[in-house]
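Asker: I'd like to ask some things about the structure below.
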Amino acid sequence: MSDATTRAPVESGLAKAGTLENDDVKLIFYTIVSIRRGFEMIVPGGQGGLIVTENLTDEQFTGMIIARYFKSPCYEDYKDLLAKARGGNSKLLMFREADVKYLRVQFVMAHRWPRQPLEQDRREAEALEKLHAGLGCVETMR
């Protein structure tokens with residue numbers, strides 16, 4: 001099991017063996033943390049898990065998680081917490097662009113599996129192998 005603490009959006013910490021930069025099926029658990037002074041916390045609704053099949057850098061994954069958070073109702077809960085802490089003055093709320101500098105995403109790749117071929121891919125590979133063999137080639141394409 002590998003883990004990473006990723007600063008939004010530039011610092012990564014995954015060991016190469018645990019990288020998200022492959023086409024495997026990856027089970028990822030994450031936590032979004034606010035490091036804003038006085039508001040250090042796991043942000044409301046900022047924990048979850050998902051399956052990732054894309055080839056992503058740590059920075060791309062972090063950006064994706066934060067973007068999803070900004071679109072979620074949980075982000076409104078986070079803004080409400082900040083407003084209450086500041087006496088309810090909505091003018092003092094952070095804008096989305098400013099929020100990101102205080103958010104960090106910690107994630108763990110719990111497991112990964114090789115991506116399975118689609119049935120069509122397998123049939124195409126078999127057809128190409130037959131064609132390859134029919135041309136008198138010695139090597140197989142696997």
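Asker: Looking at region 1-25, which of the residues that are charged (D, E, K, R) and surrounded by fewer than 13 Cβ atoms within 10 Å (Cβ to Cβ) is modelled with the lowest pLDDT?
Answerer: Selected residue: 16.
Asker: Scanning region 23-57 for residues that are free of Cβ contacts under 8 Å to residues at least 60 places away in the same chain and among the polar types (S, T, N, Q), which turns out farthest from residue 77 (Cα to Cα)?
Answerer: 55
Asker: Scanning region 26-57 for residues that are surrounded by 14 or more Cβ atoms within 10 Å (Cβ to Cβ), β-branched (Val, Ile, Thr) and under 27 Å from residue 115 (Cα atoms), which turns out farthest from the chain's Cα centre (by Cα)?
Answerer: Out of the qualifying residues, it is 31.
Asker: Hey, can you tell me all the residues within region 73-107 that are farther than 24 Å from residue 48 by Cβ and either at pLDDT 80 or above or among the hydroxyl-bearing types (Ser, Thr, Tyr) (or both)?
Answerer: If the condition is that a residue be farther than 24 Å from residue 48 by Cβ and either at pLDDT 80 or above or among the hydroxyl-bearing types (Ser, Thr, Tyr) (or both), then 90 is the only one that fits.
The values are calculated or read from the model by the stated rules, or taken from the named source; none is laboratory data. In this text, all values refer to a predicted model and were calculated from it rather than measured experimentally. Heads up, the Cβs are rebuilt from the backbone with ideal geometry, glycines too, and the neighbour counts pull from every protein chain shown.
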